[in-house]
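Q: Following this message is one structure expressed as structure tokens.
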Amino acid sequence: MKREQKGQHYFISGIHQHPLQLHRQENLEIVIYIEFESSSSTMNRGKKIQLKRVFGYCWGTSFLLINIIGAGIFVSPKGVLAYSCMNVGVSLFVWAGCAILAMTSTLCSAEISISFPCSGAQYYFLKRYFGSTVAFLNLWTSLFLGSGVVAGQALLLAEYSVQPFFLSCSVPKLPKKCLALAMLWIVGILTSRGVKEVTWLQMASSVLKVSILSFISLTGVVFLVRGKKENVERFQNAFDAEFPDMSHLIQAIFQGYFAYSGGECFTLIAGELKKPRTTIPKCIFTALPLVTVVYLLVNISYLTVLTPREILSSDAVAITWANRVFPSLAWIMPFAISTSLFSNLLISIFKSSRPIYLASQEGQLPLLFNTLNSHSSPFTAVLLLVTLGSLAIILTSLIDLINYIFFTNSLWSILLMIGILRRRYQEPNLSIPYKVFLPFPLTTIVINVGLVVIPLIKSPNVHYVYVLLLVLSGLLLYIPLIYFKMRLAWFEKMTCYLQLLFNICLPDTSEEQMSEVQTVKK
């Protein structure tokens, strides 16, 4: 391999060449060409390497279902019942009300996804209406939050996978961490293999997850119809218990609202959906009503089989329910929870890699993260997430700090809603394909303000200060590397070697993508 200098361009001679643009200034452009063996590389001139719009209505609905339905409905629905003062009727009304609130926030995020139909629409939106500094801090926070989410999901997946083998004691930490690391890297490899593997695994997981929840629901209905008299009276006298005061009711609403969270996921993968303007609303109005019905029936099933006090004394309500109804098949519930967490882990890595890829396109991350492998997957972005997640698993103390970063999600949600209101005020005549009903962003702001203020009042902790400092620490990178455009020669050299090692290149740009970029920048 020989490097030649020709004018202001550098070349590395080879058989098949793909340009990797390292940086661009006003009067200087440096391009490096990396060789690829045409006989061994699948990157040939007949195949375009790019993120493509390959997902339709079925996949989008399945994606939204998986993103919303996590382990919460299996493990701990007792929070709503506890803050409802064990009032069965109030708790069911809270679950129904939380579904309406989740619909409002999801439709707000749909406006952003449809207006900016690209992967990482949230990042684009923040950059346009609040500037590149705010967009970078959001990206900086999402790096830690994304790695914390995948680390927590991997640890929970490992715990419930081996739980049947440790029925009489807790799961040892070392085997759990080793299994969590193995699961995380397996999912990372599957994600980097492209969308086909993700698609069929996701669809299979969705069917299995909904089937298990439907089984719990139908079993509860049968027990309610044919059950004992006290089970029926529990619902006939649903409001006989003490009514919660307003503070407890708000806490119950927040507990249920968390179970419905995840509807904003289309802001991360809108660039890979076919016809996002029509697909996104169809998916939302299919998935959320289905989730609402399933959640209500599952809670009715729990309350049919178990008393409110038994639910409050259980750390895993679904497992307690299975032990009561089908003792010989109780091992199925840990398997069901593991399946749920595996699909959530897969989707979390898939969606969290997209903003990293987009930010690199916008020049806020090294160009290395704007590369795709031969399967049109952002391999380096996935690798970064899996690596950070692995560190979080190994250094367990980081998990505690990362958990506090979750409340920053509410801060960013407030900022996004303010951006929607700001756009309506500053650009009233702007042609927007889809406009959410104006009270919806106001309602979402109120909910997220509560999610920020209540934890600070209820349990003030110095960790919140650490989290704030962690978010602002992104300025230490933003100011020298992005604002002043400082270049690191050693990193540019390493980029060349990593491109050869991982067989990655810059994506091809299609006419459709060019038109999308022009639409976004208008």
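The values are calculated or read from the model by the stated rules, or taken from the named source; none is laboratory data. Values in this document were obtained by computation on a predicted structure and should not be read as measured data. Because the Cβ atoms are built from the backbone with ideal geometry, glycine has one as well, and the counts that use them run over all protein chains shown.
Q: Can you tell me which residues in the stretch 362-379 are under 18 Å from the mean Cα position of the chain (by Cα) and outside any loop (DSSP other than H, G, I, E, B)?
A: 379
Q: Continuing with this model, one more query. Within the set of pairs 6 or more residues apart or between chains, which connect a residue that is in contact (Cβ under 8 Å) with a residue 12 or more places away in the chain inside the stretch 240-252 to a residue that is surrounded by 15 or more Cβ atoms within 10 Å (Cβ to Cβ) and part of a helix (DSSP H, G or I) with Cβ atoms less than 6 Å apart?
A: Once the first residue is in contact (Cβ under 8 Å) with a residue 12 or more places away in the chain and sits in the stretch 240-252, its partners that are surrounded by 15 or more Cβ atoms within 10 Å (Cβ to Cβ) and part of a helix (DSSP H, G or I) give 248/83; 251/83; 252/80; 252/83; 252/94.
Q: Taking the stretch 399-448 on its own, how many of its residues are part of a loop (DSSP other than H, G, I, E, B) and modelled with pLDDT of 85 or more?
A: 4
Q: Can you tell me which residue in the stretch 126-159 is farthest from residue 338 (Cα to Cα), limited to those that are of a type in the set (Gly, Ala, Ser) and within 16 Å of the chain's Cα centre (by Cα)?
A: In this case the residue turns out to be 142.
Q: Residue 280: at pLDDT 85 or above, assigned to a helix (DSSP H, G or I) and crowded, with 24+ Cβ neighbours inside 10 Å, yes or no?
A: So residue 280 passes the test.
Q: Now for a separate question. Could you grab the pairs with beta carbons closer than 8 Å, sequence gap of 6+ or different chains, first residue in the stretch 302-327 and assigned to a loop (DSSP other than H, G, I, E, B), second one among the aromatic types (Phe, Trp, Tyr)?
A: Going by the 8 Å Cβ cut-off, the qualifying pairs are 306/321; 316/74.
Q: Does residue 306 fit the bill of being aliphatic (A, V, I, L, M) and under 21 Å from the mean Cα position of the chain (by Cα)?
A: No.
Q: Right, something else. Can you pull out the residues in the stretch 432-489 that are exposed (fewer than 14 other Cβ atoms within 10 Å of the Cβ) and in contact with a Ser or Thr (Cβ under 6 Å, 6 or more places away or on another chain)?
A: If the condition is that a residue be exposed (fewer than 14 other Cβ atoms within 10 Å of the Cβ) and in contact with a Ser or Thr (Cβ under 6 Å, 6 or more places away or on another chain), then 432 is the only one that fits.
Q: Oh, and also: Taking the stated definitions as given, is residue 35 modelled with pLDDT under 85, part of a strand (DSSP E or B) and of a type in the set (D, E, K, R)?
A: Judged against the criteria, residue 35 is a match.
Q: Conditions: (1) more than 26 Å from residue 291 (Cα to Cα); (2) under 22 Å from the mean Cα position of the chain (by Cα). Residue 204 meets all but one. Number of the miss?
A: (1)
Q: Which of (1) within 25 Å of residue 290 (Cβ to Cβ); (2) surrounded by 15 or more Cβ atoms within 10 Å (Cβ to Cβ); (3) at pLDDT below 85; (4) of a type outside the set (Ser, Thr, Tyr) is the odd one out, the single condition residue 269 does not satisfy?
A: (3) is the only condition that residue 269 fails.
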